[in-house]
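In what follows, a single structure is set out as structure tokens and then discussed.
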Amino acid sequence: MKELIENIQTQAINDIESSSTLKELEIIKISYLGKKGKLTSILKDMRNLTTEERPLIGKFANIVRDDIEDKIKKYSEDFSKKEMLIKLEKEKIDISIPSKKQKMGKRHPLSIVLEEIEEIFFGMGFSVETGPDIEQSYYNFDALNIGKNHPSRDPRDTFYIDSETVLRSQTSPVQIRVMENQSPPLKIISPGKVFRADSADATHSPIFHQIEGLVIDKGISMADLKGTLETFIKTLFGEDTKTRFRPHHFPFTEPSAEIDISCFACNGSGCSLCKNEGYIEILGAGMVHNKVLSRCNINPDIYSGFAFGMGLERIVMKKFKINDIRIFFENDSRFINNF
Amino acid sequence: MKLSTNWLKEYISIGCSIKEFSDKMTMSGSKVETILNQSETLQNIVVGKIIKISKHENADSLVVCILDVGSSENIQIVTGATNVFEGALVPVALHKSIISGGKKIKRGNLRGVKSDGMLCSIEELGCTLSTFPSAIEDGIFIIEEECNIGDDINSVIKNNDTIIEFEITPNRIDCFSVIGLAIEASATLEKPISFPPILSLDNYKNPSPISVNIEKNTPCKKYMSIYIKDISIKPSPRWMMDYLSASGISPINNIVDITNFVMLEYGQPLHAFDADKIVDNSLSIRMAKKDEKILALNSKEYTLNEKDIIISDSEKILAIAGVMGGISSSITSETKNILIESAIFDSSNIRITSQKIGVRTESSLRFEKDISSAYTKKAIQRVCKLIDDLKIGTISSKLENIDLEKKNIIQIPLDVFFINSFLGTDIKKEEIIKILENLQFKIDENMITPPPFRIDIEDKFDIAEEVARIFGYNNIPSTTPKTSQKAERKPFQKFISSIHNIALASGCCETISFPFIGKKDLETTKINSCIQDSSIVKISNPMGEETSMLTPSTFIPMIKNLALNFKNQNKQALLYEISKEYTKNKEIIETYNITIGSYGPDKDFFYIKGIVENILEFCNIKDYSLSTPSSIETLHPYRCCEIYIGSDKVATIGEISPIVLENYNLSTRCSIGKIDLQVLFSLNKQKQIYTPISKFPSSYRDLSLICDSHLQVIEIKNIIQSSIGDILESIELFDIYQGDQIEIGKKSVSYNIQMRGKDKTLEDHDVDNAIDTLLKNLKEIDVKLRY
């Protein structure tokens, strides 16, 4: 009897080992372990055994049964893995086919850099103030200590709506409005569009963007102006950027300065970008003129402050090596998608 | 301002290289624009001696010269000039040389004969006959100057000046002069200055034969004159011509040159009249009469009016004051006696006159900037000194002076503490005093008196500026303001940032457009159909008609942007811009909009509607209504809508009308939409609290409905919302069908309606009841179940 079982075991193992599909394994399982299977049938003859033999054979038969089941299980796991792989292989895709990405929009390069500049000033405690594009000439000129005969008032330079109303030629009127409506300490920047009657060419545009800043408090000094702008410049253009403060003249600041930075294309050695000067003029600044403070009812003997302004297009052109200002306002989506 | 450094060196020794000098001047406030080294304009040109002249074998009009140019071998040059002779010294442009105008000269071959360079005329050396009277116009310059063979021509013709061009800021018109810049140089370099010699006029007592009168209310606050007789008109000395040429002024004759020379030196414009041409010996400074005419020195006739200051005799205008003299009294070779004028005219009058007649002269440039009267007298004294030194005339009257100027002497206390706290510096009092004294300020008992030519100095802030710039801005320390402020974007700014992000996430590219438009744009975009002309903001001095207004609708620039992208063959465009519209009622109003424009596959009306809905959803606005705009011809009349929140219109969306498309050569469907961001911001209900989400399973029903084909599906949606009530989770319209299967004039619309209980699992009968109510309500607007 034991021999018979052993034979069945050998036969079954052989069958399993020579099988190649899950289906074959299933048939093998039924033919040995099913209700009418070979092992099941042989066990039916157990009743012919002696009471001594019966438990021994029974135990042996169970071991054989477990062995066969284990073997089938192991093989069926292997087979299903293989069959799954075969099935998946048929689903192979060409991963180089273009993606189904949702095309993202792009910010205009002027906005990208403006936002970067705003973030730098937020970090230094400046808030952002805005004002109207169409401005009273008082705010655009008089309040800024720009004399009645100053050339910037000339209709060949500034756009007028009527004798008292202009398209602002700078964003400084925002500073006046803030000084009138808020009391010091003040720390603001004012970005926005400005308008000047310049014919458009590669470096001029009748409309461009300025970012101006203002700090007013007790004890603000020219050294504070230098420190603030140096920090800003190093953050925007890199830690290695050198700055140069040059005396200049603006009606609304005194002392006034123009600020040059070392050329970021040649690092100061001279190239076509900086016209061999090694420096690029980037900002105008100065201590707020005492007459401007007085007009806004801020006592210049108690408070002092500084102001600065820069042209956004100029910075963006230098930063991205754009050589014609007009391209900013053409709005060809290929240009905007560049950034 | 072009400054001859040779001239400058007459008054101050700079003691450093020109480059170093320029850098220092720039850093103390006199910005150097360009540096021109004269000798660089003529390179490799030397003095040569003609040894032999022989005929050219192939050309009768040419000769071959053998020259000694100081090198080991003689050279040979072919020339067509006829004034050359053996033994003559001539300027020789050698192989690889540069002559005036930047022209390069190389060895060559002239009709078969080798030529090692070129012989130069005076013009080819950048000079004129007036500076070299010995030269001839058509011919080689025969050198008569002291020189040796092989000398660099620059040293021979004294072409060795360096000219620095300064940018002079409008507050520093005193620096529009050699003396002004010399004073700046003196303070910058800490070097002493010596002023030019002048003639004391104290001993001249005779009254001038020419009487001068300033008519009442004429804006001339000072008029000095002196009479000089027995003038001998001739060319100026060479040094004076060189200085004038270097400064950009052509020499004319000694008297005119002296007035120009002294003007450049002191910044005080001067004028010389031929005294014998002054009728009745009387000068009047007055305003011109209407349509009064003058034939000016440039041979052009100008018609003047009551706003122009003029100098006249009893018959006619002799000069347009401060701008240009007239021909009738000009200095000619016959002039015998002259009157020199040194005056101060009102800056705004001079500017207006100069602009009106379109004449800007060295004189008007200075008067326009409001010069001081500090040098009015010194300039005449300097002219007299030069005339005296050159022995070209006899001073024969006292200095006549009409002075109507109000004297205003400014004194400012020296406040060292203020200066240092304002600048953030620690500069010693002695150093401050030294800086100011070098700038010619007087300091006495802690009181500062600015020099008379510094009319820009008014108060302690001006003093601080003077100290700062000479001390050096770059020597001021860098500190951080102690002011500490909390800074973040304001609510509206945050809102705008979010709107940008939604547009970007929808795939839109940001544009930045000019808000300028013209009348034609209003017509071609048909924006004139919905905006009255009176509400458009117009520029009174536009650069052109096409940029004469500020756009009343952001649709206009957006349509132009779409047109440009289409013209440039971009297959699709999806653009947005956050910008302003400008309109005027009683006041001018600027409103912020987001404008979206598109063309290309799928980028249709509904794509833009989707972006608008996303923005409304971001603002948590659910209750809005759609309506058809009544009068905007810009849009397709059957493919456009307006979105209202209550009674506020927040958005307009539509396909662009085919007529407008055609006007812009857009042969593709385009869609456009805009939202008024200020209105939207005011209605913005962004969620602050969260609504709990239900834990219970959902149920759904699909319904196919039949309705009139003109029915707007929003009506069905509204009924679904009101009928299903608060168990409604979502409605999806998944099919609209019109065709064979459906009765004509009807359409089939299919919805998936999802429902979920907030606090319980919905039973079948809950759902059925809700759907029954819905169907009953739909029947009232003639919408029936299809199956």
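No value in this document is a laboratory result; all are computed from the given coordinates. Quantities reported herein were computed from a predicted structural model and do not represent experimental measurements. All Cβ positions, glycine included, derive from the backbone under ideal geometry; neighbour counts span all protein chains shown.
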(message) Need the C-alpha centroid separation for segment B:739-768 versus segment B:519-535, integer Å.
(response) 46 Å
(message) For a 29 Å ceiling on Cα separation, which of these pairs sit above it: B:Lys205/B:Lys290; A:Lys234/A:Lys291; B:Lys234/B:Lys377; B:Lys356/B:Lys538; A:Lys218/B:Lys406?
(response) B:Lys205/B:Lys290; A:Lys234/A:Lys291; A:Lys218/B:Lys406
(request) First measure r as the distance between the Cβ atoms of B:Asn501 and B:Ser17, then evaluate 1/(1 + (r/R0)^6) with R0 = 60 Å and state the FRET efficiency to the nearest 0.05. (result) 0.60
(message) On a full-extension model of 0.36 nm per residue, what is the gain between B:Gln678 and B:Lys290, subtracting their alpha-carbon distance, rounded to one decimal in nm?
(response) 134.2 nm
(message) What distance in nm separates the two pseudo spin-label positions at A:Gln102 and B:Glu437, each 7 Å out from Cα along the beta-carbon direction?
(response) 7.6 nm
(request) Could you tell me which of B:Asn570, B:Pro557, B:Tyr607 has its Cα farthest along the dipole of segment B:550-674 towards the positive end, charges placed at Cβ (Lys, Arg +1; Asp, Glu -1), taken about the Cα centre? (result) B:Asn570
(message) Can you show me the helix-derived [θ] at 222 nm for chain B, built from DSSP H runs with n ≥ 4 at -39,500 (n - 2.57) apiece and divided by the number of residues, rounded to the nearest 500.
(response) -7500 deg cm²/dmol
(message) Skipping prolines and chain starts, which residues have an amide H placed within reach, meaning under 5 Å, of the one on B:Gly48, given they are 5 or more residues away or on another chain?
(response) B:Val90, B:Val92, B:Gly150
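So, with +1 on the Cβ of K and R and -1 on the Cβ of D and E, and no other charges, what is the size of the charge dipole of the protein assembly as shown about its Cα centre, to the nearest 20 debye?
Working: 137 positive and 155 negative charges, 340 e Å.
With Lys and Arg at +1 and Asp and Glu at -1, about 1640 debye.
Taking R0 as 45 Å, what's the FRET efficiency between B:Glu458 and B:Lys538 from their Cβ-Cβ distance, rounded to 0.05?
For R0 = 45 Å, the calculated efficiency reads 0.65.
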(message) For the pair A:Thr231/B:Asp726, report the inter-label distance in nm, with labels modelled 7 Å from Cα in the Cβ direction.
(response) 5.3 nm
(message) Give me the one-decimal nm value for the distance between modelled label points at B:His710 and A:Tyr138, 7 Å along each residue's Cα-to-Cβ direction.
(response) 5.7 nm
(request) Can you spot the aspartates and glutamates whose alpha carbon is less than 13 Å from B:Lys482's alpha carbon? Ignore those fewer than 8 places along the same chain. (result) A:Asp217, A:Asp224
(request) Pairs of lysines 8 or more apart, or on different chains, with alpha carbons under 13 Å: count those in segment A:2-89, would you? (result) 10
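Could you size up the charge dipole of chain B around its Cα centre, putting +1 on the beta carbon of Lys and Arg and -1 on that of Asp and Glu, and report it in debye to the nearest 20?
Working: 90 positive and 105 negative charges, 72 e Å.
About 340 debye.
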(request) Return the long-range amide H neighbours of A:Leu283 (sequence gap of 5 or more, or a different chain), with a cut-off of under 5 Å between placed amide H atoms. (result) A:Ile259
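Counting other C-beta atoms within 10 Å, which of B:Lys442, B:Lys407 has the fewest, and how do the rest follow?
Working: B:Lys442 12, B:Lys407 7.
Ascending Cβ contact count within 10 Å gives the list B:Lys407, B:Lys442.
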(request) Could you point to the residue in A:Ser20, B:Phe516, B:Pro133 farthest towards the positive end of the protein assembly as shown's charge dipole, with +1 and -1 charges on the Cβ of Lys/Arg and Asp/Glu respectively? (result) A:Ser20
(message) Test of understanding: what is the full-extension gain from B:Asn305 to B:Asp768, defined as 0.36 nm times their sequence separation minus their Cα-Cα distance?
(response) 157.2 nm
(message) What does the extension gain come out to for B:Lys55 and B:Glu546, with contour length at 0.36 nm per residue minus their alpha carbon separation?
(response) 170.0 nm
(request) Please name which of A:Gly192, A:Gly270, A:Ser111 has its Cα lying farthest along the dipole of segment A:109-336 towards the positive end, using unit charges on Cβ (Lys, Arg +1; Asp, Glu -1) and the Cα centre as origin. (result) A:Gly270
(request) Starting from segment B:675-739, pick out the trypsin sites (Lys or Arg not before Pro) whose DSSP state is loop and whose Cβ has at most 11 other Cβ atoms within 10 Å. (result) B:Lys685, B:Lys687, B:Lys695
(message) Just to confirm the number: angle between the C-alpha axis of helix B:491-505 and the first principal axis of chain B, 0 to 90 degrees, nearest 10?
(response) 70 degrees
(request) Report ³J(HN,Hα) in whole Hz for each residue of segment B:441-455, in order, from the Karplus equation J = 6.51 cos²θ - 1.76 cosθ + 1.60 where θ = phi - 60°; Gly and Pro get x. (result) 7, 9, 10, 9, 6, 6, 10, 9, 10, x, x, x, 7, 9, 6
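Restricting to DSSP loop positions (anything but H, G, I, E, B) with no more than 15 other Cβ atoms inside 10 Å of their own Cβ, which GluC sites (Glu not before Pro) remain in segment A:54-141? Each step should come with its number before you reach the end.
On the way: sites: A:Glu69, A:Glu77, A:Glu83, A:Glu89, A:Glu91, A:Glu115, A:Glu116, A:Glu118, A:Glu119, A:Glu129, A:Glu135; in loops: A:Glu91, A:Glu129.
Passing both the DSSP loop test and the Cβ count: A:Glu91.
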(message) With just the Cα atoms defining each centre, how far is segment B:621-679 from segment B:1-49? Give it in Å.
(response) 66 Å
(request) Would you list, by chain and number, the aspartates and glutamates whose Cα falls below 16 Å from the Cα of B:Lys391, excluding same-chain residues fewer than 8 positions away? (result) B:Asp230, B:Asp257
(message) Tell me the angle of helix B:376-390 to the major Cα principal axis of chain B, expressed in degrees between 0 and 90 and rounded to the nearest ten.
(response) 40 degrees
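Please give the peptides B:445-455, B:91-101 ranked by average Cβ packing (other Cβ atoms within 10 Å per residue), highest first, as a rough proxy for protection. List each step's numbers first, then the result.
Working: B:445-455: 16.9, B:91-101: 19.5.
Peptide ranking by packing, descending: B:91-101, B:445-455.
Can you list which of the trypsin sites (Lys or Arg not before Pro) found in segment B:480-556 are DSSP loop residues with at most 13 other C-beta atoms within 10 Å? Each step should come with its number before you reach the end.
Working: sites: B:Lys482, B:Lys486, B:Arg489, B:Lys494, B:Lys519, B:Lys520, B:Lys526, B:Lys538; in loops: B:Lys482, B:Lys486, B:Arg489, B:Lys526.
Here the sparse-neighbourhood loop sites are B:Lys482, B:Lys486.
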(message) If I fit a long axis through the Cα atoms of helix B:764-780 and take the longest principal axis of the Cα atoms of chain B, what angle between them do I get, 0 to 90°, rounded to 10?
(response) 70 degrees
(request) Using only Cα atoms, locate the centre of segment B:181-256 and the centre of segment B:417-434, then give the distance between them in Å, rounded to an integer. (result) 38 Å
(request) List, in the order given, every pair from B:Lys307/B:Lys378; B:Lys24/B:Lys106; B:Lys695/B:Lys776; B:Lys494/B:Lys584; B:Lys19/B:Lys114 whose Cα-Cα distance in the structure shown is over 32 Å. (result) B:Lys24/B:Lys106; B:Lys19/B:Lys114
(message) Quick check for me: using +1 on Lys/Arg Cβ and -1 on Asp/Glu Cβ, what's the dipole size of segment A:36-77 about its Cα centre, in debye to the nearest 20?
(response) 200 debye
(message) Let me check I've understood the local charge: for B:Met1, count other residues with C-beta under 9 angstrom from its C-beta, Lys and Arg +1, Asp and Glu -1. What total comes out?
(response) -1
